[in-house]
Amino acid sequence: MTAKPARPANLAAKPESPDSLVDSLQSEVASEASPLLRFLLARARLIATAAVILIACGAGYRFHAARTESRIAEETESLGRILVISSPVMRLEKLEAFLADAPASVKSGAWLAIMEAANLTGDNEKIYKAWEWISKAEPSLKVPAAMGMSGALAAQEKYREAIDALEAVAGGLKGGEAGNVYSRMVILAELLGDYKRAVAACDSLAGAGGDTADAMFWTQKKLDLEEKIAKTN
């Protein structure tokens, strides 16, 4: 009998229960929140500055540019005051009220702040809603947004919808992004009992052309899943 290959050290240990799998997914979503928030807030300021410069280039728009710049500065300051509120529940309430009349230049930052606060309060519906908005508004963040949406859905045991969110961005992915997306798809499909879908994800991981030990692990995982399929037929 051929010995199974050792699990690569850079892969997490196999979860022991559905609850621990979901907890792991939620913690990954939370860990993505802060750096993304800082990134988009910085980006929002750059976009706002560029917009003001472009408007100011036309002499006939000087007054409008001044008003626009003042509004953006005021809204950015307002968002900053909300972000330092220590209570995540109160911060979430203030952010949702802020969004009602927020200019486009700060909306992405506000939605990321909502996602971060919702992570702290455990409100998975709001986490999903925030990531869904971000995925549409910020195409460059579609993969982390899909990961965030899948984590929020998995926490509600909506495993099929969670896999669908990942499959929507999986095509054409390479490297670490592909590994993160497809490995989560394996976990979710196994939780759902959809072993054929899990096998397909294992195929993508085994054929990704990365580390040999990783490829061996996912090949063996595929064989294990195929055994489960055979037993259920």
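Just so it is clear, none of the values below were taken in a lab; they were calculated from the coordinates. In this text the structure is predicted, and so the values were computed from the model without any measurement. All Cβ positions, even for glycine, are placed from backbone atoms using ideal geometry, and neighbour counts span all protein chains on display.
Most tightly packed first, judged by the mean number of other beta-carbon atoms within 10 Å of their residues, the peptides 171-181, 135-145, 100-110 read 100-110, 135-145, 171-181. For the stretch 100-233, the ratio of Cα radius of gyration to the globular rule of thumb 2.2 N^0.38 Å stands at 1.19. Near Lys158: Cβ cut-off under 11 Å, other residues only, Lys/Arg at +1 and Asp/Glu at -1. The net charge is -3.
In this label model, Ala97 and Asn233 are separated by 6.0 nm, measuring between points 7 Å along each Cα→Cβ vector.
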